[in-house]
Amino acid sequence: MTESNSARPTGKLTAVKGMNDVLPPQSATVEWLEATVRHLFARYAYRNIRTPIVERTPLFIRGLGEVTDIVEKEMYCFEDRLNGDPLTLRPEATAGVVRSALEHNLLYDGGKRLYYMGPMFRHERPQKGRYRQFDQIGAEALGFAGADVDAELILMAHALWQAIGLNDVRLELNSLGQPDERRQHRQALIAHFEAHQDLLDEDARRRLYSNPLRILDTKNPLMQDLVNAAPKLLDYLGESSLQHFNTLKAMLDANGVAYTVNPRLVRGMDYYNLTVFEFVTDRLGAQGTVCAGGRYDYLFEQLGGKASPAVGWALGVDRVLELVRANPPELTEPHLDAYAIVTDVTAMPRVLAALQVLRSAGLCIQTQASAQGEMPSMKSQFKRADISGARFALIFGADELAAGQVTVKPLRDAGASQFSWSLSDLPTLAANLQSKS
C-alpha cells in the first residue's frame, strides 16, 4: 500500500503515548534486574520460554474472559491484512504460554517450570507505573497440582525481593476455590448487591450479573462499606479447597514469609481458581501491585486441551524499577580497555582486522569513526580517548603500520611509558593489557 504525501507526518516524530524509550544508563538497571532474575530462576530449575507478541484474538477472549476489563477495554486488536484473521498484541503472557504448551505438547513427559520476559500491551490511560507498552517478567509451573508448587513460586518471588533489596513489599493471599464453590458464592453476591443497587456505580451495575466477583475489586471509595459487608468466598470453600489453602499457608509460615489473607483479592482474569496472591507496596500510589498471580487449573481445557493444573505469577518491570530507584544498585559502566587511534582512513581495513583479534581475545575497544572519508586530527582523537575512560590508546599511524606494529600508550598511569607491539602477536598483547587492569 502506497501512502499519499498528504498523509505523511511533517513534524517531529515522537514515541506513541504510553510507550517509552529506555535509554542508557537506565537500561543498565533493566539488564541488571533481568540478569538477577535469570540467575535466581536457574536455582529453582525454571527454564526460559519465548512466545509471540502477536496472538490470535480468540486466545485472550477464551482465556481471560469476555467480561474482563482487559478484553472489553484494553486490548490492541487488528485484522491480518492478508487473510483477515483477528489478531491482538498480547496483553499478558500466561494464555500464550499455555497455548504454546498445548501446541507443542510440552507436558508429554511431565510438568514444566518456565519463565518469560518481554513487552505486553494494554490500551490504558498512561500514568506512573502503568503504561500502554510495559515489560513483564513471569514464572509458570505447568502440570503440578500441589500447594507446594504454589509455595515454591511465592518463595521464589520473595527471594527476588531480597536479591534486589526491596524490603517494603508485602504479600496478600486468598483462595477462589473451585467453580462449584464460586457458583454458590456468586449467587450470594448477586443477592447482596441486588439488595443495595442504589449504592452501585455504573461499572458495578454492568458487572452484577456477568461477573459479580469483580465488583469486590472496585476502587470506588463510596462502595467500600458495601463490598466489605459482602459474603466472603472463603466461607463457601469445601474441605479440599480449604486444605489446599491451609497447606500453602503452613509452608509459608515454615519459611518465615509473612502474609495477610485478603478475602477481597480476586485478580482480573477469569482463569484463576484456588490460590491467588499479590505482592503490594504503599510506595507507588494507586499502582501498588508489584507482582501477582495464582493457580489456573482450568485454562488448558478452556483453550481446547487436556486438563492440566498450573500456577504462576508476573511482575511489572516498570513498577519494580520505580521501587529500586530509591535504593539503586551499584552498577559499573562497561570497562573500556583501549581506544584505537587511526591516522589514515585507508588503513581501516587492516586496523579493524587487528581489533577483531584483540576483541576476540577479550579486550573491550572503541574506535574513532571517520567523517566524510577522513579521520579527525590526532589531537581530537586523543581527547576523545581520554574522555572515553579507556586505559590505553592503540595508535595505528603510518609508521607503525609500515613496521607491522601498533603503539600502546597508557592513559591512566602517568609514570608508565608507551611501547610498540607486533601485529603478528596480538593475542599476547591482549593478555598483557588484561594483566595490567
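The numbers here are math on the coordinates, done by the rules we state, and not lab data. On a predicted model such as this, the values are computed, not experimentally measured, just so you know. No Cβ is skipped: glycine too gets one built from the backbone with ideal geometry, and neighbour counts run over all protein chains shown.
Observations on the structure shown:
- Mean residue ellipticity, 222 nm, helices only, the chain: the sum of -39500 (n - 2.57) across DSSP H runs of n ≥ 4, divided by residue count and rounded to 500, is -10000 deg cm²/dmol.
- Charge tally for T36 (other residues, Cβ to Cβ under 15 Å; Lys, Arg +1; Asp, Glu -1): -2.
- Average projected area [Cα convex hull, segment 8-117], square nanometres: 10.7 nm²
- Computed from Cα atoms, the angle from the helix 179-194 axis to the main principal axis of the chain rounds to 70 degrees.
- Note on E330 and L199: the extension gain reaches 42.0 nm, defined as 0.36 nm multiplied by sequence separation minus the Cα-Cα distance.
- Here segment 200-252 was treated as a single set of alpha-carbon atoms; its pair distances binned every 5 Å from 0 give 4, 17, 21, 16, 13, 13, 11, 4, 0 percent.
- Candidates per GluC sites (Glu not before Pro) in segment 238-331, loop by DSSP, up to 16 other Cβ within 10 Å: E330
- Under 18 Å between alpha carbons - lysine pairs in the chain that sit 8 or more apart or on different chains: 9
- Cα-based Kirkwood hydrodynamic radius, segment 338-435, one decimal, Å: 13.4 Å
- Each of N246 and D180 was given a label point 7 Å from its Cα along the Cα-to-Cβ line. The distance between the two points is 2.0 nm.
- From the largest down, the chain spans 93, 63, 45 angstrom on the principal axes of its Cα atoms.
- Using only the C-alpha atoms, the convex hull of segment 84-173 corresponds to 148 Å³ per residue.
- Segment 384-407 versus segment 272-300: alpha-carbon centroid distance in Å: 56 Å
- You can think of it this way: the chain between L13 and R81 has 22.0 nm of extra reach, that is 0.36 nm per residue less the Cα-Cα gap.
- Folded to 0 to 90 degrees: helix 239-254 orientation relative to the chain principal axis, Cα: 40 degrees
- Peptides 220-229, 91-100, 348-357, 411-420 ordered by average Cβ neighbours within 10 Å, highest first: 91-100, 348-357, 220-229, 411-420
- With Cα atoms, 0 to 90° folded angle of helix 147-164 axis to the chain main axis: 40 degrees
- Take the Cβ atoms of H192 and T260, set R0 to 25 Å, and the FRET efficiency comes out at 0.60.
- Positive minus negative residues near D386 (Lys, Arg vs Asp, Glu; Cβ under 15 Å): +4
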